[in-house]
Amino acid sequence: MKFVCDTQKFSEICSNIQRSVSSKSTIPAIEGILLTTAENSVTVTGYDLEVGVITSVEAKVEEQGSIILNANILCDILRNLP
């Protein structure tokens, strides 16, 4: 998966999704954010077995794919990008 999008907008979306993600769980996938690419967008999904949030952002997608990343680590990385 490879995409290019506005860092500030993507960081805001991930920060909002992080609030709906469980911080401590016995299921590691619930602590993460699912990133899925489509033709011209990236869909960001967070879920904690009670509440789910799905948002998408426009992006230039070079390679399609999907991945679950730990929400805390991803948001920390995005906050520190220029």
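The values are calculated or read from the model by the stated rules, or taken from the named source; none is laboratory data. Everything numeric in this text was worked out from a predicted model, so none of it was measured. Neighbour counts run over all protein chains shown; Cβ positions are idealised from the backbone, glycine included. Just so you know, the surface numbers come from the protein's heavy atoms only, side chains and all, with ligands and any DNA or RNA stripped out. Shrake-Rupley method; radii C 1.70, N 1.55, O 1.52, S 1.80 Å.
Starting from the range 71-82, take each residue that is at negative phi and list its partners that are open to solvent by less than 80 Å² (accessible area, probe 1.4 Å) and of a type in the set (Asp, Glu), counting only C-beta distances under 7 angstrom and pairs at least six apart or across chains.
71/31
Could you tell me which residue of the range 43-53 is least open to solvent (accessible area, probe 1.4 Å), considering only residues that are over 18 Å from residue 7 (Cα atoms) and in contact with a strand residue (DSSP E or B) (Cβ under 8 Å, 6 or more places away or on another chain)?
Ranking the qualifying residues of the range 43-53, first place goes to 46.
Is it true that some residue in the range 8-17 is basic (Lys, Arg) and free of Cβ contacts under 8 Å to residues at least 24 places away in the same chain?
no
So, of the residues in the range 20-42 that are touching a residue at least 12 places away in the same chain (Cβ under 8 Å) and charged (D, E, K, R), which turns out to be surrounded by the fewest Cβ atoms within 10 Å (Cβ to Cβ)?
Applying the filter and picking the extreme gives 39.
Give the range 63-82 a look and list any residue that's farther than 21 Å from residue 24 by Cβ, in a strand (DSSP E or B) and either modelled with pLDDT of 95 or more or not acidic (Asp, Glu) (or both), or say none.
66, 67
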